[in-house]
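Heads up, the thing below is written out as structure tokens.
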Amino acid sequence: MSERDLLELAAHFDRTGQPLHAIQCLLGLLGMEGKLLPDVETRARARLGRLLVHHTHNLRQAKTHLQTAQQLCGRLRGMHCLKAEVASSLGELCRCMGDADMGVAALRQGLDACAAGAASSERAALPRWVAHLHMQLSDLHAAVGADADAQASVAAGLEAATKAELLPEALLFRLSAVQLSMLAGGDNAARVTAALRDARAAAGAVAAARAGEDGAAGAAHAFVLYSQLHLELLQLIQNLAVGAISEFDVSPGPGGGPALIQGIDVLLSEVEDRGPGELGYSWIPPPAMRCIALLAASELLAASGSVAEAGQQLDAAESALASARASLGLPPPPQHHPGSSRSAGPPPPPGADGGADGTGIPTGQPSTDAAAAAAVAGTLDRVPRADQLSASLLGDDTLDHVELWEARPLAVLALAVGGQRAQLALLQGQYAVARGHVLGCMAQLLVSPTLRPLAPHVHTLAGLYCHGVGQYTAAEGHFGAAQALHEGVGSATGRDVSAAAAAAALRACALLAQDAPDSVSRAIEAIGGLQDASSPSTAPGGPSASAVLHTHARAGRHARCALQLVSGLVRLRLAASATSADASAEQARAAKLALSKALKVAHQTVRHHQLVTSVMLAMVPVQLRSGAVGGGGGGAAAGGTAGGDVAGAAQMLSSADLLARNNGDGATRAAVKRAMLDVLAAQGADEGTLAAARTDADARAAKLARAREGAVAADPRAHAAVMAWGLA
């Protein structure tokens with residue numbers, strides 16, 4: 001068999017999914033007696049190196065073959081496509097080995113070879129190699145956090161693809177531009193919107209061009225569907241990030257699930273059984289794409305008060321994640337901890353606030369995870385023993401060089417599922433269950449250094465748990481750590497304005513909950529000033545309100561709403577401690593304005609029931625003091641008194657209680673019952689009515705205290721691990 005016959009046979013085995021046979025053919029070719037022609041040897045070594053990278057663990061031998069092929073390229077005249085192929089394979093090897101400098105140098109050599117062949121007989125084939133090498137460069141830059149270089153590579157690749165009229169390649173660069181813009185942080189909402197618009201136009205051009213092609217139902221059609229699915233998921237993620245919740249339809253669709261994912265589900269059904277060769281490119285596995293859509297649906301349903309349905313979407317997301325892992329040959333995800341419920345389940349019946357005893361703790365043995373608690377105790381940099389963690393966690397050191405890249409998005413999704421489960425459990429007062437999920441997220445982060453950019457999100461989960469069980473100082477520490485990381489302190493990904501603003505608002509809430517002498521001033525400092533449209537910040541040396549609003553205008557709607565809420569709470573504290581009636585009235589007026597804006601956004605735009613109930617609770621003292629929201633100057637509001645709108649305050653508490661009851665939110669219901677005492681007093685209720693209401697409020701407060709204490713007592717070590725994680 002001749003040299004070229006062996007090359008062709010190896011290519012056949014490669015195309016038909018028999019890589020080991022292809023490797024044997026190429027090894028046989030290189031072992032033939034006599035000197036091979038330089039182009040034959042170069043091609044054989046390039047292809048052998050690529051096969052070794054993708055199908056074996058022998059990176060050292062792959063590197064030897066590819067570097068030899070690179071040296072042989074210097075002896076070749078012409079052969080520009082072959083030189084590009086060698087550069088591409090070497091770049092892929094370097095990405096797997098983490099050698100960005102060598103990979104960038106190799107890929108640029110490939111681009112130089114393509115430029116040198118612009119007038120050669122190969123010129124028709126070279127533009128696709130140029131596009132491919134630029135895409136590899138972008139991926140390599142992005143993998144090491146060199147976002148500006150990645151964006152430059154995308155721009156260069158897009159220019160080359162557009163010039164050569166390569167519509168599919170141009171679309172892929174447009175999609176890459178969207179993703180890089182979304183990851184850039186900072187004031188990028190307008191840039192992401194523009195990038196999405198351009199990508200949608202490019203997708204339309206590809207669909208139109210391929211509609212008349214032969215075999216439109218085959219690979220060409222699959223590429224169109226897959227890229228459209230890719231685009232729709234990016235749009236979904238961006239809408240969630242900026243809080244454009246009013247644009248979503250969470251009503252049940254024809255198939256029973258939320259209407260917002262029905263279209264995505266249709267696209268998924270068309271592509272989920274196809275491999276990368278049919279789809280035209282590789283992003284993430286279709287089951288993982290389904291997991292993203294289901295996670296989004298769960299978040300939106302939970303925000304709108306459909307907690308049971310949100311749990312069902314999480315169950316489906318977890319199943320999709322297991323399918324994605326199985327498609328890559330990875331172990332199934334960890335099982336739920338003993339005592340934890342698979343989903344949040346339906347809210348408790350009226351009059352109950354959680355578990356069977358009304359404490360919010362599920363019946364049966366509380367959730368524990370001693371292994372995860374042992375692993376995460378201490379600092380972020382602690383390396384757990386292998387026997388402390390489940391083998392089903394996607395640890396970086398348990399995956400080979402190919403699996404590591406394929407598994408990374410699945411590990412991120414596993415963190416997202418665990419985080420959403422933790423938040424649903426916290427909402428319903430299932431603190432031990434929530435802690436188990438938080439520990440699972442921490443354990444995954446510890447075994448996956450490549451996921452370290454997600455540390456601020458895990459700090460936020462830890463802070464929510466600590467706040468839920470009344471450990472406000474620890475909650476402040478975690479929220480502060482998240483805020484610092486989101487602001488770019490010690491982060492390779494740069495400032496994330498929305499996430500930093502949200503963490504700042506949570507930190508301020510934890511400070512106010514501590515009720516220390518300096519709580520108000522520190523809360524003002526945490527959010528960088530107070531959120532209202534007319535008064536300056538009361539923080540010494542703090543920025544003016546207009547400057548603060550300009551700073552936070554880039555944040556998402558959720559974060560801006562939370563900041564307005566915190567500003568209103570702080571203003572109420574300042575009104576209560578003011579030394580003059582005029583100063584108190586001015587602070588109350590500013591509180592009313594900030595809270596009115598927050599309520600409007602929470603109800604009409606972000607449609608988040610927890611935010612709505614929190615704002616309505618904060619509005620009660622404003623209602624009792626100054627009249628109905630949006631009312632004019634003096635005079636009594638309809639149904640109120642000369643001092644305030646008592647009927648309006650009572651209605652707000654009734655609405656807040658209804659929303660909290662639907663969510664199974666015992667903590668908010670306890671706060672509502674406590675606030676109702678002030679409303680009853682303002683209504684002139686008799687002592688018997690007040691005493692009964694006081695007894696009810698005290699009973700609910702006691703239930704909440706028992707739930708918190710019971711969760712801590714159930715596993716003090718796990719509780720301490722969450723409290724201290726990353727705060728040494």
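The values are calculated or read from the model by the stated rules, or taken from the named source; none is laboratory data. Bear in mind that the values here come from a model prediction, so they are computed numbers and not experimental data. No Cβ is skipped: glycine too gets one built from the backbone with ideal geometry, and neighbour counts run over all protein chains shown. Heads up: the accessible areas ignore ligands, DNA and RNA and are worked out on the full protein's heavy atoms, side chains in. Shrake-Rupley method; radii C 1.70, N 1.55, O 1.52, S 1.80 Å.
Values for this structure:
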{"quantity": "Qualifying residue in region 248-256 (condition: crowded, with 18+ Cβ neighbours inside 10 Å, on the phi < 0 side of the Ramachandran plot and at pLDDT 65 or above)", "calculated": "yes"}
{"quantity": "Residue satisfying condition, being at pLDDT 90 or above, under 26 Å from Ser498 (Cβ atoms) and either open to solvent by 50 Å² or more (accessible area, probe 1.4 Å) or hydrophobic (A, V, I, L, M, F, W, C) (or both), within set Leu236, Leu260, Leu196", "calculated": "Leu196"}
{"quantity": "Pairs with Cβ under 7 Å, 6+ apart, first in region 597-620 and touching a residue at least 24 places away in the same chain (Cβ under 8 Å) and open to solvent by less than 30 Å² (accessible area, probe 1.4 Å), second of a type in the set (A, V, I, L, M, F, W, C) and not in a helix (DSSP H, G or I)", "calculated": "Met619/Val629"}
{"quantity": "Residues (of a type in the set (Ser, Thr, Tyr) and open to solvent by 10 Å² or more (accessible area, probe 1.4 Å)) located in region 432-453", "calculated": "Thr450"}
{"quantity": "So Thr689, is it in a helix (DSSP H, G or I) and farther than 15 Å from Gly468 by Cα", "calculated": "yes"}
{"quantity": "Val178 being more than 21 Å from Leu59 (Cα to Cα), at pLDDT 95 or above and among the β-branched types (Val, Ile, Thr)", "calculated": "no"}
{"quantity": "Any hit, region 655-677, residues being small (Gly, Ala, Ser) and either touching a strand residue (DSSP E or B) at 6+ places or on another chain (Cβ under 7 Å) or open to solvent by 60 Å² or more (accessible area, probe 1.4 Å) (or both)", "calculated": "no"}
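Table: residues versus (1) open to solvent by 10 Å² or more (accessible area, probe 1.4 Å); (2) under 43 Å from the mean Cα position of the chain (by Cα); (3) within 24 Å of Arg15 (Cα to Cα).
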| site | (1), (2), (3) |
| --- | --- |
| Leu30 | yes, no, yes |
| Ala46 | no, yes, yes |
| Arg77 | yes, no, no |
| Gly91 | no, yes, yes |
| Gly103 | no, yes, no |
| Arg108 | yes, yes, no |
